[in-house]
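Accompanying notes for the structure given below.
The values are calculated or read from the model by the stated rules, or taken from the named source; none is laboratory data. Everything numeric in this text was worked out from a predicted model, so none of it was measured. Virtual Cβ from ideal backbone geometry, glycine too; neighbours counted across all protein chains shown. For accessibility, only protein heavy atoms count, side chains too; no ligands or nucleic acids. Shrake-Rupley method; radii C 1.70, N 1.55, O 1.52, S 1.80 Å.
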Amino acid sequence: MTAATDTSTRAVVGELLRRIGEGAPDRIAELYAESGDWRLSWPEDEHGRAATPWIRHRRTRADAAAHYRELAAHHVPGRADTRIERVLVDGEDAVVLGEIRQTAAATGRPYRATFALHLTVRDGLVVRHHVYEDSLAVARAFSA
């Protein structure tokens, strides 16, 4: 890979993180390819549960927008923060390390969850979005 690829990947990831911070699902989704590979590190039998419907695999740009809408709908507005600790880039691949701080709308419980986000960028669009997070912290915040 070239330094130009690293720079391009870093720019797309930076813009993605900026847009996620703004919270506009359709603007975020513009940075995803029409079709891609979106995975979450949760047990398959826990995907799409009523308390956490945003947790499931995705495939399309429309799915990406839906993810961010569902995520926002199930958390308390204004009570969120994401701390990015590091962004590592190697060619088309980037890994974002950090911590999510949210409050579950259903229970009012705040939580912190460390995460690693593996992204692959091709032709200026995200084609892979794999999330590895502290799913136990999220599940506890949403449990009755």
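Annotations
- Considering (1) more than 18 Å from L31 (Cα to Cα); (2) buried (at least 18 other Cβ atoms within 10 Å of the Cβ); (3) without any contact (Cβ under 8 Å) to a residue 40 or more places away in the chain; (4) of a type outside the set (D, E, K, R), the lone condition that F142 does not fulfil carries the number (3).
- Residue ID - most open to solvent (accessible area, probe 1.4 Å), chosen from residues in the range 52-66 that are at pLDDT 90 or above and of a type in the set (K, R): R59
- Condition met for R49 (assigned to a loop (DSSP other than H, G, I, E, B) and open to solvent by 80 Å² or more (accessible area, probe 1.4 Å)): yes
- Residue that is farthest from T60 (Cα to Cα) [pool: residues in the range 1-26 that are surrounded by fewer than 14 Cβ atoms within 10 Å (Cβ to Cβ) and of a type in the set (V, I, T)]: T2
- Any hit, the range 65-78, residues being more than 18 Å from A29 (Cα to Cα), touching an Asp or Glu at 6+ places or on another chain (Cβ under 9 Å) and of a type outside the set (A, V, I, L, M, F, W, C): no
- Going through (1) at pLDDT below 95; (2) open to solvent by less than 30 Å² (accessible area, probe 1.4 Å) one by one, L136 falls short only on (2).
- Pairs with Cβ under 8 Å, 6+ apart, first in the range 25-48 and without any contact (Cβ under 8 Å) to a residue 12 or more places away in the chain, second outside any helix (DSSP H, G or I) and among the basic types (K, R): H47/R56; G48/R56
- Meets criteria (exposed (fewer than 14 other Cβ atoms within 10 Å of the Cβ), more than 22 Å from T5 (Cα to Cα), among the small types (G, A, S) and in contact (Cβ under 8 Å) with a residue 12 or more places away in the chain) for G78: no
- The residue of the range 80-102 that is nearest to the chain's Cα centre (by Cα), among those that are assigned to a loop (DSSP other than H, G, I, E, B) and over 13 Å from G23 (Cα atoms), is E92.
- Flag: A29 matches the condition of being open to solvent by less than 20 Å² (accessible area, probe 1.4 Å) and either touching a helix residue (DSSP H, G or I) at 6+ places or on another chain (Cβ under 6 Å) or under 17 Å from H129 (Cα atoms) (or both).
- Taken over the range 29-87, the criterion of being among the β-branched types (V, I, T) and within 23 Å of T103 (Cα to Cα) is satisfied by T52, I55, V76, T82, I84.
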